[in-house]
1. Can you give me the long-range amide H partners of Ala501? Hydrogens built in the peptide plane at 1.01 Å from N, cutoff under 5 Å, separation of 5 or more residues or another chain.
2. Before anything else, pin down the relative contact order of the stretch 64-264: Cα pairs under 8 Å, at least 6 apart, normalised by residue count, whole percent.
3. Report the Cα centroid-to-centroid distance between the stretch 109-188 and the stretch 318-333 in angstrom, as an integer.
4. Can you tell me, using C-alpha contacts under 8 Å and at least 6 residues apart, the relative contact order of the stretch 154-258 as a whole percent?
5. Please identify the trypsin sites (Lys or Arg not before Pro) of the stretch 662-717 that satisfy two criteria: DSSP loop assignment and at most 14 other Cβ atoms within 10 Å. Which are they?
6. Show me the chymotrypsin sites (Phe, Trp or Tyr not before Pro) within the stretch 140-245 that DSSP assigns to loop and that have at most 11 other Cβ atoms within 10 Å of their Cβ.
7. How do 354-362, 105-113 rank on mean C-beta neighbours within 10 Å, highest first?
8. Can you tell me the order of 49-60, 434-445 when each peptide is scored by its average per-residue count of other Cβ atoms within 10 angstrom, highest first?
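Each reported figure results from applying straightforward, stated rules to the coordinates on display, with no laboratory input. Note that the coordinates shown come from a computational prediction; the quantities given were computed from them, not determined experimentally. Counting neighbours? That spans all protein chains shown, and the Cβs are built from the backbone with ideal geometry, glycine included.
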Amino acid sequence: MRLRWKFFLVLLAFSLVPLVALTGFTRGNVIRLGRAIADEGRGILTGIIKNELRQTAEDYALVLRRSKSAMDFSVTVLASEAERAVAGAGARAAEPTPVYRAPDVAAARNAPPDMADDAAYAKRLADGGSERLPISRDAPVIYRPPGARGKNGEDVRLASLGPTFSLLRAELGDLLLFASVTLEDGSHVSFPGHAGYPADYDPRERPWYTAAKTAFAPFAPAGGPVIWNAPAVDAATGQVTLTLSKALAGPGGRFLGVASLDVPLARVLQEQEIASQWSEAMRTFLVAPALDPVTGRDSLYVWAQRSYENHVPDWKSAINFERLSSPDTTRFGALLAAMKRGGAGAAELPYHGEDAFWAYSRFMDDAYFLIIVPKSMLAPLAEQATQEIGAAVGNLLRLSGGAMLAVLAAATVAALWIAKAFVRPMMAMIDAWKRLGRGDFSVRLGYRLKDERQALVDAFNETVPVLADHMRLQRSLELAQEVQRNLLPAAPPVVPGLDIAGAAIACDETGGDYLDYRAVDREGEACLDTAVGDVTGHGVPSALLMATARALLLATEDSETPAQRVTRANRLLCRDVGDSGRFMTLLGMEVRPRTGVARYVRAGHDPVILYDPDADRFEQWPGKGLPLGIEPEYRYAETAMPFDRPGLVLVIGTDGIWEARNASGAMYGKDRLMETVRGAARGSAAEIVAAVITDLAAYRGAVRQEDDVTLVVVKKT
């Protein structure tokens, strides 16, 4: 019997049958109990949510009252300092106060050094985008409406309010949008400093100015009360703001102007902060009980809400203040009556056709902070509570406990039997693999089993000796690769008058290409001695033949010519190669930069390519000769070619370059090689080599390199 069937039958007998019986027995009880708990839990959750919403309303109303007190005090301080500054009673600054005027700032003729765009002062555009308003947090800016005239001394006095503005900004933080002082002659100073006023803007015509002027009492304490004005659109930023304003009193009880603070409506309502605790569908309002002039019924006058920000086309437009009411007049009337008695509370009323929770708290005379949250948020909470309570029901635990113990006992017995019959051989296999991983290739498994595990044992025992052979071969290849890397020159030689570079890339662990260059002295002249060869095939046999040829070529006398050195190396190499059928093509060259001559021997190798950048002409140098290792008595002839003008480029390579193929089977070719050399010829020899290697790799793409690649470039400098 197969192993998987054994496991299946054991699990079926000891697990599935008891669980099916237990599930059928407890299902009915769980359903009935869950329904009862859900009904009771919904009522409890409703009460909890109403209490939490009422507490949230109280907390935020308390924050609003504290913020209002801070704002009232701040605008009073600003009014007092403005009265002193206009009267010339302020302390004189140690240095002249810089004066910045809106027209100059807008034209970038004279602006505060810190003037920059600010994301907090972004103005919404008609196309739905936004435009940031440049502001200065260090200096106020003075503005006058069309037709208003001012004096330089008065501008200096208004500008001297900068420290007061900065102090208010530091105390109020992002609760403050703008602080300003407006005089009766139209002079207006604002902080943070900015331009961007509409062409026809006159602050004396704004509701906050006229309200403070109307409430001005010449001989009352502090010149009159602080006025909290209805929401309006700021002319510079287009944001909906609540503005506090207070009249300025001059000598003899004369009306001087108005000090004001603009507060963003979003900061007052703090809807996003509260919504993060409850629901994205939550809404916040500042309301006051009032009669609806259209219906004559009691309603809530909505003094402020976030939606006002989305329904105002421009700064001149009046906000269409809404009123809240409810078709359930009885419960709505009870809510209004509770509000008028003061304090805080919560109720359940429909809002826009959906049942909702209403929570409120008073924050100033006849004004309330109101939160409305749809009841739909209760559904997931009730469902979650039902699931949690159902999971904890004691009756379910008592009914299922005995069955679960039986299942656990049966599973324990089955596990012990499986461990004895099945796991022990597996553990032995795991231990054997660990020993193999530590390099112990003598390990074997001696089990004789009657299922699929025997196939694992046999596979392991057959794999170990094969793996040992592969490891020995791999170590041998790594040693051969290291030896061959050491045979290649570490860096190009330094020969005056020549720029030399080369590269050799094997396609296997070891390669059959030969590359060597060195600086030698020939007849008192510093010369370059270089050789590029290609052994038939590649891999370890080719690498060994290449190493032998290298040793024979290096064992030369300085007096020997290139032809003599190659002839002698061929004679000795033929003895080693014998009848193996292997041979090696070679191009050995000696370049004398002072005399401007290149002498070379071609032993069956591809011609040297010469590129003349001045004439933009390629030339393949002639020459003939048999490959090394074929005819021991063959005498090689050398060819001399001029290499005397700066900029000339010699390219010596192996067929692994031009015979490389791409995915479609097309060869790289010498024409593309020449084009690449032409494009990089103005660079150094190393740059030419890098260009060829890079272009060759790009041409080949994902196709595996099939042959060794060797390249030497010599450039006359």
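1. Val713
2. 24
3. 38
4. On the way: 138 pairs, mean separation 23.0, N = 105.
That works out to 22 percent.
5. Arg682, Arg704
6. In loop regions of the stretch 140-245 (DSSP not H, G, I, E or B), the sparsely surrounded chymotrypsin sites (Phe, Trp or Tyr not before Pro) are Phe219.
7. Highest to lowest by the protection proxy: 354-362, 105-113.
8. Ranked by mean Cβ neighbours within 10 Å, highest first: 49-60, 434-445.
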